[in-house]
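The structure appears below as structure tokens.
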Amino acid sequence: MAAPGLRPGLGRLFEMPAALGRVRRAYGTSQAFAEVLRLPKKQLTKLVFPLQELERHLVPDSKHEFHLKIFDPSLEDIARAESIFTVTAQNRIEYLSSAERLDHAPALPRPEVCFIGRSNVGKSSLIKALFSLAPDVEVRVSKKPGHTKKMNFFKVGKYFTLVDMPGYGYRAPEDFVDMVETYLKERKNLMRTFLLVDSVVGIQKTDNIAVEMCEEFALPYVMVLTKIDKSSKGHLLKQVLQIQKFVDTKTQGCFPQLFPVRFLLDLPCSAVTYSGIHLLRCFIADITGNLKTHCFQFS
Ligand code: GDP
């Protein structure tokens, strides 16, 4: 039996150390994730399930407001998703092209996901983190905000395409709305839009432009909270609860569970550089139809 409150996959694995080894071997999982699996339980939870780690600090009355386990993969599922993001001779992960207009976008049959957010929200850093198992993929992270002016298309093997959309807000391209609106409205194979929100400042006025577009076109979208290392636990919890409330009461198409992510810049790249990235990779693999297991719980 899993310890009370532990997700079944995680509980089972901690009770059976041999099972951890099996997960590592069975899916030929990435070296980085194998390192994560060797971490002590508390550290592993913090890295892989950051929302669950935050929940520990909530008063019991607020716990029902946290949608923790709607997407509830096991560590085995996460390990399988890691292999989709790992570059090999058979699994090419590469930048394809950039486009300023939808009719210049590559015609690709695979499912597509796109990432959108205010300039400086941490979008390039997040995409770089998602592609950290394919280090040759060039995702430019700028020192100045407003770097991404075009839609950048990345191919992830035979599995899906990832699109980095231009940043909005400060120094957004003049034709941002035309470019992005047309893409969101008309791209047939777009499976999910990931809307990045800076967890330090929460949802800003300019973010409403993106929220309204997703709602108007009835797109399924997900909020990713960036830079969760930058605030105190108290401030972060307050922001998470506010954003959660916004999603619950003001949106129709937004997935109720938030995905917090963190990227520690001053650490050399290692298993502990990223939080929330493994879960997000697994979510993307699942919603693009590449995981073939059922990681969603609806009560
Ligand atoms: P973009 O304009 O949305 O592509 O944002 P960038 O990825 O270029 O990030 C903007 C700034 O935020 C850069 O200085 C990044 O180093 C920093 N940044 C991004 N993600 C994180 C994070 O998770 N934690 C911290 N502390 N800084 C971050």
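Okay, here's what the table says:
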read-out	value
Filtered residues of the range 87-117 (kept if out of contact with any strand residue (DSSP E or B) (no Cβ under 8 Å at 6 or more places or on another chain) and among the β-branched types (Val, Ile, Thr))	Thr88
Restricting the range 185-219 to residues that are assigned to a loop (DSSP other than H, G, I, E, B) and touching a residue at least 60 places away in the same chain (Cβ under 8 Å), the residue that is nearest to His67 (Cα to Cα)	Ser199
Of all residues making up the range 43-67, the number that are within 19 Å of the chain's Cα centre (by Cα) and either within 15 Å of Ile78 (Cβ to Cβ) or outside any helix (DSSP H, G or I) (or both)	11
Residue among Leu219, Leu258, Leu241, Leu237 that is aliphatic (A, V, I, L, M), in contact with a helix residue (DSSP H, G or I) (Cβ under 8 Å, 6 or more places away or on another chain) and closer than 18 Å to Tyr168 by Cβ	Leu219
Residue that is within 16 Å of the ligand (Cβ to nearest atom) and touching a Gly at 6+ places or on another chain (Cβ under 7 Å), where the choices are Leu225, Leu195, Leu264	Leu195
Matching option when the condition is assigned to a strand (DSSP E or B), within 30 Å of Thr273 (Cα to Cα) and either of a type outside the set (Phe, Trp, Tyr) or modelled with pLDDT under 95 (or both), among Leu225, Leu237, Leu241	Leu225
Output for the range 87-143, where each listed residue is within 10 Å of the ligand (Cβ to nearest atom), assigned to a loop (DSSP other than H, G, I, E, B) and in contact (Cβ under 8 Å) with a residue 24 or more places away in the chain	Ser119, Asn120, Val121, Gly122, Val139
Hey, Glu76 surrounded by fewer than 19 Cβ atoms within 10 Å (Cβ to Cβ), in contact (Cβ under 8 Å) with a residue 60 or more places away in the chain and in contact with a Lys or Arg (Cβ under 6 Å, 6 or more places away or on another chain) or not	no
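The values are calculated or read from the model by the stated rules, or taken from the named source; none is laboratory data. The structure displayed is predicted, hence computed values, not measured ones. Neighbour counts are summed over all protein chains in view; Cβ atoms, including those assigned to glycine, are modelled from backbone coordinates with ideal geometry.
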